[in-house]
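Take a look at the structure set out below.
The values are calculated or read from the model by the stated rules, or taken from the named source; none is laboratory data. From a predicted model like this one, the values you see are computed outputs, not experimental measurements. Just the protein is used for accessible areas: all its heavy atoms, side chains included, with ligands, DNA and RNA removed. Shrake-Rupley method; radii C 1.70, N 1.55, O 1.52, S 1.80 Å.
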Amino acid sequence: GGAVLASHPALCLSGIEELCCKREDLNRLIQQEEAEKARLQHDIRVLNEKLSRVNESLAHRLNARTEFDRTIAETEAAYMKILESSQTLLSVLKKETGNLTKATEPRSSKGH
């Protein structure tokens, strides 16, 4: 083996240069991918921070909506009670007014 290499030094040297060139090409690709990896990791960090902020905001808004729903339901229930009470009051008032009218009619006719 050594005798063959010794008799072809130029061939051996060009083979080494070719390997060095291929290694340089590979090294460039590795550096590009490492840079891309770093960019992606940075993007992931930024997106995770944004996601965290949106989740926090969303949780607050969901709580607020639940409070709105509860307040609306309570207000509607109270309003319905007021309506029922006013209907009862109106019917009592009509009945009492009718009774008063009947009670006053004979007196007015007696006056005639």
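Brief remarks on what is shown
- 0 to 90° range, to nearest 10: angle between helix 9-111 axis and the chain longest Cα axis: 0
- Rule-of-thumb Rg ratio for segment 2-109 [Cα; 2.2 N^0.38 Å; N residues]: 3.49
- Residues in the chain average 93 Å² of solvent-accessible surface per residue, probe 1.4 Å, ligands and nucleic acids excluded.
- Portion, in percent, of the accessible area of the chain that falls on carbon or sulfur, probe 1.4 Å: 63
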